[in-house]
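Student: Once you've had a glance at the structure underneath, I'll fire off some questions.
Bear in mind these aren't lab numbers, they're just calculated from the coordinates by the rules spelled out. Only a predicted model underlies this, so the values are computations on that prediction, with no experimental measurement involved. For neighbour counting, all protein chains shown are included, and Cβ atoms are generated from backbone atoms with ideal geometry for every residue, glycine included.
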Amino acid sequence: MRSRSLLQALKAQGHDVVMVCCVEDGEINDCPPELAALVEKVAFVRLSSGKAFDSYVGRLLALLGGQPYGVWRFKHKEIQSAINSAIAENHLDALYCDDIYMYSNIAKSIDIPVLLNKDDITFEIVEQYEKSARWPVSVYAAIEARRVREFEVSSCNRAKTVLACSERDCDALRDAGVTSPVHVLPNVIEVERYHRPSEAEDTATLLYVGAMDWYPNIDGVRFFAGEILPRIVSQVANIRFVVAGRNPSPEFVAELSKDRHIEFTGTVADIVPYLAAATICVVPLRIGSGTRLKIIEAAAAGKAVVSTILGADGLTFRDDEEIVRVDDPAAFADAVVSLLGDPVRRKSLGAKARQRAEAEYSITALNQILSESFAEIGVGRQASISACK
């Protein structure tokens, strides 16, 4: 979603974009029409299945080789060749790179400015995982966290400009030793697409949105199901907890679906109807970085959100006016139950959150910030950009 918003903004400003992205077995083979409308060219580089999926062997090889696992997984000669070809054949003015592991494929000798996207801070996620891991995994996590931090800082310092998603992330990167200019490029959405005031919401449906092949989402759902939901059920017997997101493992679905209050949707074509039907959106994250698009989407839909403090980190929604933030499981459950029984306050939270989303997390806001970032590095409105994903 962050990439799509960026491409929409670049297109609106008159930039020509050449895109290089990696895909895995079973993913798309041809450029879909929506993407074709936003870029001049796109090159898909297919990852070899052995390297992409053999994570346990890969982590061991990366550990022995002295590099972060993400570098081992995403550094490919095919990607490097595709990026070099895009630069040589298209007379590019700038290169926009999607985070640090893809950056390992960009030659240090290139002579065009690189803007490094940071949709989260990778070392923070690994360090959070390290704190929750048990021995001996914690030993591996500690080594990986140190390597990721060092690699992330050095990658940011190679870039002409670093684009983080919040002021909080900018400060964290600077504190870690990043000396390149760091600017906020917020996560944004098409706010108007989410607003469906005519559709009736359910009376007791809690919605969690997130890809269920991403560990922080899995941990958050398990935390909610095990420590928060039972407290809610004890007071609201007819509650539904709907988990909307791609690729939940069969084992995870089987584990949690023993509770009749929990439902998994798997991949959905459009999240908007699920948001429209939800009574409250919950974000019980304990691991993560960056800013959560799931909260911005809920706000755009005019929904009340109850989140952990970390889950809403970096966003500017005001506590108890536009969002409810609480960490303790009992307090989280009480906040949800209170809002279920108070439709007036629930509607007020959602309406004010939507106003915040319109003002700070819309495509319009992104356009302005992107123009300022390009102007700083001397790239005009008609420039050609290569986007590496």
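Student: Which shape class, rounded, prolate or oblate, goes with region 282-377 when its Cα gyration tensor gives a ≥ b ≥ c as root eigenvalues, a/c under 1.5 marks rounded, and past that a/b bigger than b/c marks prolate?
Tutor: On the way: a/c = 3.47, a/b = 1.74, b/c = 2.00.
Oblate is the answer for region 282-377, as a/c is 1.5 or above yet b/c matches or exceeds a/b.
Student: Kindly identify region 191-360 as rounded, prolate or oblate by the Cα gyration tensor criterion: order the square roots of the eigenvalues as a ≥ b ≥ c, call it rounded if a/c is under 1.5, otherwise compare a/b with b/c, prolate if a/b is larger, else oblate. The partial results should precede the final answer.
Tutor: Details: a/c = 1.35, a/b = 1.25, b/c = 1.07.
Rounded is the answer for region 191-360, as its axis ratio a/c remains below 1.5.
Student: Next up: Starting from one equal scatterer on each C-alpha and no solvent at all, send me the Debye-based log10 I(q)/I(0) for the chain at q = 0.08, 0.12, 0.15 Å⁻¹, two decimals.
Tutor: -0.44, -1.01, -1.50
Student: What is the chain's relative contact order, in percent, from Cα pairs under 8 angstrom and six or more apart in sequence? Kindly include the intermediate steps, with their values, before the conclusion.
Tutor: Numbers: 702 pairs, mean separation 80.4, N = 389.
With pairs under 8 Å counted, the relative contact order is 21 percent.
Student: May I pose another question? Can you give the helix-only mean residue ellipticity at 222 nm for the chain, where every DSSP H stretch with n ≥ 4 adds -39500 (n - 2.57) and the sum goes over all residues, rounded to the nearest 500 deg cm²/dmol?
Tutor: Values: 18 runs with 178 residues, N = 389.
Dividing the helical sum by the residues of the chain leaves -13500 deg cm²/dmol.
Student: Same structure, new question: If one takes the longest principal axis of the Cα atoms in the chain, at what angle in degrees, from 0 to 90 and to the nearest 10, does the Cα axis of helix 343-360 lie?
Tutor: Roughly 10 degrees, rounded to the nearest 10.
Student: Ok, one more. Report the Cα centroid-to-centroid distance between region 200-263 and region 324-339 in angstrom, as an integer.
Tutor: 16
Student: Also: Count charges around Val209 for me, please; just the other residues with Cβ under 11 Å from its Cβ, Lys/Arg as +1, Asp/Glu as -1. Each step should come with its number before you reach the end.
Tutor: Values: positive: Arg246, Arg292, Lys294, Lys303; negative: Glu297.
With Lys, Arg at +1 and Asp, Glu at -1, the net is +3.
Student: Give me the number: length gained by fully extending Ala254 to Gln235, i.e. 0.36 nm times residue separation minus the C-alpha to C-alpha distance, one decimal in nm. Mind dumping the intermediate values first?
Tutor: On the way: separation 19, 0.36 × 19 = 6.84 nm, distance 2.51 nm.
Gain on extension, Ala254 to Gln235, equals 4.3 nm.
Student: What lysines does Lys303 reach when the alpha-carbon gap must be under 23 Å and sequence neighbours fewer than 8 apart in one chain are set aside?
Tutor: List returned: Lys294, Lys347, Lys352.
Student: Okay, moving on. What does the charge dipole of region 216-355 about its Cα centre add up to, to the nearest 20 debye, if the Cβ of each Lys and Arg holds +1 and the Cβ of each Asp and Glu holds -1? Walk me through the numbers before you get to the answer.
Tutor: On the way: 17 positive and 17 negative charges, 72 e Å.
Value, rounded to 20: 340 debye.
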